[in-house]
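The values are calculated or read from the model by the stated rules, or taken from the named source; none is laboratory data. Everything quoted here is computed from the prediction, not taken from an experiment. FYI the Cβ positions are ideal-geometry reconstructions off the backbone, even for glycines, and counts take in every protein chain you see. Calculation scope for accessible area: heavy atoms of the full protein, side chains included, ligands and nucleic acids excluded. Shrake-Rupley method; radii C 1.70, N 1.55, O 1.52, S 1.80 Å.
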Amino acid sequence: MNTNRAPDIKSSTVNTDDVLAANTSGKENTGLGYHALISNITAHYNTALGSRAGQYLESGNGNNTFVGAYAGNKTSTGYYNTSVGSSALQDNTDGYHNTAVGYYASSKNISGYYNTSLGSKALYYNTSGNDNVAIGYYAQSSASGNQNTAVGSHALIYSSGSYNVAIGYY
């Protein structure tokens, strides 16, 4: 028996034909994962790591970073977005300058911009609000509005107004 043998590594088959398959003039893009950046045509400087990360990104200014399964999945023309976590910024289509870190963080954002969410499901249902900061589990997750700051688990969870600050649980 050979005791110096490296352990067997099991991995799924990677078909690189579907990564950046539609790219015509986009430059300096990196995609790794099933259907990562598959629809990109002209956008530049994007990074997508994970199954279906950045799947529908087609054009725009680019400079997006999507890390995690379905991260930035529906982004088509959005730019300067950063999402780290499974389904973070998943429904974003044309929102820009958003940062989402955590499982489903800012997942339902469609066109909102300048939002920062940190925590599982932070800013989850915010679809078009702008300039919001949500830090914590479910922080401002059911809320809409602009220029809100929520820090803490469930902070501002049901708020629909603007210019609010909440620190603490609920």
For Ala48, enumerate residues with amide H under 5 Å from its amide H, sequence gap 5+ or separate chain, H modeled in the peptide plane. Thr30, Gly31, Leu32, Phe66
Expressed as a whole-number percentage, the relative contact order of the chain with C-alpha contacts under 8 angstrom and at least six residues apart is 10
If the chain between Thr30 and Tyr137 were fully extended at 0.36 nm per residue, the gain over the current Cα-Cα distance would be 35.5 nm
Out of Leu89, Leu57, Leu20, a Gaussian network model of the chain with alpha-carbon springs under 10 Å gives the largest mean-square fluctuation to Leu20
Out of Tyr79, Tyr104, Tyr45, a Gaussian network model of the chain with alpha-carbon springs under 10 Å gives the largest mean-square fluctuation to Tyr45
Can you tell me which of Leu123, Leu156, Leu37 moves the most in a GNM of the chain? Springs connect C-alpha atoms under 10 Å apart. Leu156
Given H placed 1.01 Å from N in the peptide plane, which residues other than close sequence neighbours of Thr116 have an amide H under 5 Å from its amide H? Thr99, Asn132, Val133, Ala134
What accessible area, in Å² to the nearest ten, does a 1.4 Å probe give for Lys74? 90
Once Thr93 and Val165 are pulled to full extension, the length gained, defined as 0.36 nm per residue separation minus their Cα-Cα distance, is 23.2 nm
How large is the accessible surface of Ile41 in square angstrom, using a 1.4 angstrom probe and rounding to the nearest 10? 70
Expressed as a percent, the accessible surface of the chain that is carbon or sulfur, using a 1.4 Å probe and the full set of protein chains, is 52
Could you size up the charge dipole of the chain around its Cα centre, putting +1 on the beta carbon of Lys and Arg and -1 on that of Asp and Glu, and report it in debye to the nearest 20? 300
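I need the shape label for the chain. Rule: rounded when a/c is under 1.5, else prolate if a/b > b/c, else oblate, with a, b, c from the alpha carbon gyration tensor.
Working: a/c = 3.26, a/b = 1.52, b/c = 2.15.
It comes out oblate by the Cα gyration axes.
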Please give the contour-minus-distance gain from Tyr158 to Tyr45: 0.36 nm per residue of separation, less the Cα-Cα distance, rounded to one decimal in nm. 37.0 nm
Here region 83-96 yields Karplus 3J(HN,Hα) values (6.51, -1.76, 1.60; θ = phi - 60°; whole Hz; Gly and Pro given as x) of 10, 10, x, 4, 6, 5, 6, 4, 8, 4, 10, 10, x, 9
Please list, ordered by chain and number, the residues whose modelled amide H lies under 5 Å from the amide H of Val84; skip anything fewer than 5 residues away on the same chain. Val67, Ala100, Val101, Gly102
